[in-house]
Amino acid sequence: MRSKFLKRVRALDVHLVLVYLFLYGPIVMLIVLSFNELGLPTAWGGFSLKWYGELARNTALLNAGINSLIVAGGSTLVSAVIGTLLAIGLERAVRSTLLDAFVFVPMIIPDIVLAIALLSFYSLLKMRLGLYSIMLSHIVFNIAFVAAIVRTRLSYFDPSLEEASMDLGATQIKTFLKITLPLILPGIMAGALLAFTISFDEFVIAFFTAGPGQPTLPIQIYSMVRFGVTPDVNALSTIILFISITSILVAQRLSGMRGVL
Amino acid sequence: MKKFTQQLVLLGPGLAWLVVFLVIPLVLILSYSFFRRGPYGGVVYEFTLKNYKQLFSPLVLRVFLTSLRIAVITTGLALLIGYPTAYAIATAAPQWRTTLLGLVALPFWTSYLIRTYAWIVLLNREGVINHFLMRLGIIHEPLGLLYNEFAIIIGLLYGYLPFMILPLYSSIERLNPELREAAADLGAPPLKTFFTVTLPLTLQGVIAGSIFVFVPSLGNFVVPELLGGGRRLMIGNLIQNRFLKARDWPSGAAMAFGVMSIVLILLLLQAWATNRLQEGGANAE
């Protein structure tokens, strides 16, 4: 009986290893190739930082990177505030399944549908498209993600803490600042990090609502890889992977955001 | 009154944002889908059902069916691969679970475009896989691995497999292992235990994961564009084409609502199934 159990576990573990190979093989390959002097995927020309140098001189890409930081930073700030308020409202002030479902919509709606809807809307308003139109668009789904994560955090702690504070004479605002906010801060940070990552990486909606000559990083990468393999993208991938993996590990350490990862 | 002010401050900004940047734009393209296209893009405000009739033209219908087929195959494969993965993680030693799960979620935090690009490097004619197969003497001519339906499915599976594993994990982890043991003690063989106990009790995770994979696969346009080479058009490509190239917004809008209605039907089915499952669970207790 016991040996049979062990056998099954082993087959599952082999499966697990294969899945991790599938998930990480392509990523590791890109990292290795980024140091290949030849820039070819099939022949090793020795270790080199040549493609990183190439990248540093690619001003279009650097500008796109800065654009993405602006879009992601702006949309994260706004959605962290609005999303947190919304989370508190949905968790404490109004209990409604209909509202819950409504706030869930931006997370599940196919991005192409939201993209064409927003493009139509902006052009009806004769808005000039630019970084800010992407930012406005990204806030839509970022609000939903922040609200979802902050709500999880809110549902963990006991509302009687807030009641106690108010019974002891603290105003609503003081209670929020002294009790609620510190308790949900890890949730807000986790939500903001998620929002930033999604916004920084978002391609479809940005592609539709970007102004001419102001691409975000994903738009720039898209135009580079559309026509096949370019070695400096490997170097860029490595840098992006390194930044996102480090920031996620740091965030996990800081806030113990286990539920999010 | 005070209560109302509080609700307004908390819910007002968020709900207002969603109304302005989600509801109004959606209503706008819904109305566009009933109008005629303008000669130079835009719309002419003249009612027509032409855009919806066109959804049933052979070309559009074929693209819809191709997209559905690709999304169904991707979801099926994700389930076949994801279930044992989630099961293995959920039954691993407790101190390992968080790490193992984190490793599944980690790729999600890196650029989706770059992860898709990696498959161009792997699959193209001069790519890594062809190179190694030829080196090993298994093939003598490079295989056309890229720019076909196979490549699209691999790309989608690669991108969305974590979306399947995470909800599956949480439903399997909640499962009481004693139930399985009881079934085994009563003489049920492992496969029977799986199909009569484990699977039905984790069905909610199966449904949630399937929707998380199916929906973004169905409307995808990046993966078919990069890995499908545009030859195998999916519905996302067609919508993009109608909007940005053909400048036929009403027809693109109608297609978008075609996709939306499929998604909506799935979500309603999910809500119904979840209700049924929860009722069933309550009755069992």
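The values are calculated or read from the model by the stated rules, or taken from the named source; none is laboratory data. Since the model is a prediction, treat every value here as computed from it, not as a measurement. Cβ: placed from backbone, ideal geometry, glycine included. Neighbour counts: every protein chain shown. All accessible areas refer to the heavy atoms of the entire protein, side chains included, with ligands and DNA or RNA removed. Shrake-Rupley method; radii C 1.70, N 1.55, O 1.52, S 1.80 Å.
Could you give me the ³J(HN,Hα) list for segment B:193-205, computed from phi with Karplus coefficients 6.51, -1.76, 1.60 and θ = phi - 60°, whole Hz, x at Gly and Pro?
Karplus values, whole Hz, x for Gly and Pro: 4, 4, 7, 9, 10, 5, 4, x, 6, 10, 4, 4, x.
Other chains near A:85-92: what is the mean number of their Cβ atoms within 10 Å of each residue's Cβ? Display every interim value, and only then the final one.
Numbers: counts 6, 8, 2, 4, 10, 4, 1, 3.
The per-residue average across the peptide is 5.
Apply 1/(1 + (r/R0)^6) to the Cβ-Cβ distance of residue B:196 and residue A:15, taking R0 = 22 Å, and write down the FRET efficiency to the nearest 0.05. List each step's numbers first, then the result.
Details: r = 22 Å, r/R0 = 1.02.
Calculated value: 0.50.
Please compute how much accessible surface disappears when B pairs with A, both sides summed, using a 1.4 Å probe, and round it to the nearest 100 Å².
Details: alone 17270 and 16150 Å², together 26040 Å².
Using a 1.4 Å probe, the pair buries roughly 7400 Å².
Which one of B:159, B:229, B:219 has the biggest mean-square fluctuation once chain B is modelled by GNM with Cα springs under 10 Å?
Result: B:229 has the largest fluctuation of those listed.
Can you show me the helix-derived [θ] at 222 nm for chain A, built from DSSP H runs with n ≥ 4 at -39,500 (n - 2.57) apiece and divided by the number of residues, rounded to the nearest 500. Please report the intermediate quantities before stating the final value.
Numbers: 12 runs with 195 residues, N = 261.
Helix contribution divided over all residues of chain A: -25000 deg cm²/dmol.
Around residue B:48, which amide H atoms from residues at least 5 apart in sequence, or from another chain, sit under 5 Å from its own amide H, with H modelled in the peptide plane?
For residue B:48, the qualifying residues are B:35.
Solvent-accessible area of residue B:125, probe 1.4 Å, all protein chains present, reported in Å² to the nearest ten, please.
Here the residue's solvent-accessible area equals roughly 130 Å².
HN-Hα J couplings of segment A:179-187 from phi, Karplus 6.51/-1.76/1.60, θ = phi - 60°, integer Hz, Gly and Pro as x?
In residue order, the calculated couplings are 10, 5, 4, x, 6, 9, 4, x, x Hz.
For residue A:38, enumerate residues with amide H under 5 Å from its amide H, sequence gap 5+ or separate chain, H modeled in the peptide plane.
Hits under the 5 Å cutoff: A:45, A:46.
Give, in nm to one decimal, the length gained when the segment between residue B:173 and residue B:276 is fully stretched (0.36 nm per residue of separation minus the Cα-Cα distance). Intermediate results must be reported in sequence, preceding the final value.
Numbers: separation 103, 0.36 × 103 = 37.08 nm, distance 2.10 nm.
Full extension of this stretch gives 35.0 nm more.
Residue B:138 to residue A:168: FRET efficiency via 1/(1 + (r/R0)^6), r the Cβ-Cβ distance, R0 60 Å, to the nearest 0.05?
On the way: r = 76 Å, r/R0 = 1.26.
Calculated value: 0.20.
Taking N as the number of residues in segment A:68-260, what is its Cα Rg relative to 2.2 N^0.38 Å? Write down the numbers at each step before the final one.
Numbers: Rg = 19.1 Å, N = 193, 2.2 N^0.38 = 16.3 Å.
Cα-based Rg divided by the globular estimate yields 1.18.
Which order do the peptides A:167-176, B:255-264, B:205-214 take when ranked by the mean count of other beta-carbon atoms within 10 Å per residue, highest first?
Values: A:167-176: 11.6, B:255-264: 19.5, B:205-214: 22.7.
Ranking, from highest mean packing down: B:205-214, B:255-264, A:167-176.
Name the long-range amide H neighbours of residue B:43: under 5 Å, sequence gap of 5 or more, or other chain; modelled H, no Pro or chain starts.
B:38
Need the C-alpha centroid separation for segment B:186-235 versus segment A:131-177, integer Å.
Distance between centres, Cα-based: 33 Å.
Provide the net charge surrounding residue A:34, with neighbours chosen by a C-beta distance below 12 Å and charges set as Lys +1, Arg +1, Asp -1, Glu -1.
-2
I need the phi-derived Karplus couplings for segment B:239-255: 6.51 cos²θ - 1.76 cosθ + 1.60, θ = phi - 60°, integer Hz, Gly and Pro marked x.
Listing the rounded values in order: 4, 4, 4, 5, 7, 9, 9, 6, 6, 10, 5, x, 5, x, 5, 4, 5 Hz.
By a straight-distance test (C-alpha under 20 Å), which aspartates and glutamates pair with residue B:50 as possible cross-link partners, with residues fewer than eight away in the same chain excluded?
Correct list for residue B:50: B:248.
Using a 1.4 angstrom probe with every protein chain in place, what is the largest-first accessible-area order of B:178, B:173, B:225? Could the numbers behind the result be given before it?
Values: B:178 120, B:173 90, B:225 30 Å².
Ranking B:178, B:173, B:225 by accessible area, largest first, yields B:178, B:173, B:225.
For residue B:45 and residue B:181, calculate 0.36 nm times their separation in residues minus their Cα-Cα distance, and state this gained length in nm to one decimal.
Values: separation 136, 0.36 × 136 = 48.96 nm, distance 6.58 nm.
Residue separation times 0.36 nm, minus the Cα-Cα distance, leaves 42.4 nm.
Any chance you could check the Cα centroid distance between segment A:91-117 and segment B:49-78 for me, in angstrom?
One Cα centre to the other: 25 Å.
Using a basic spin-label model with each label point 7 Å from the Cα along Cα→Cβ, how many nm lie between residue B:188 and residue A:38?
About 5.6 nm, to one decimal.
Any idea of residue B:247's accessible area? Nearest 10 Å², probe 1.4 Å.
100
In chain B, with Lys and Arg counted as +1 and Asp and Glu as -1 at Cβ, which of these residues, B:116, B:158, B:43, has the Cα nearest the positive end of the dipole, that is, farthest along it?
Farthest towards the positive pole: B:43.
What's the local net charge at residue B:38, with K and R +1, D and E -1, over the other residues with C-beta under 12 Å away?
Numbers: positive: B:36, B:37, B:247; negative: B:46, B:248.
Within the 12 Å Cβ shell, the charges total +1.
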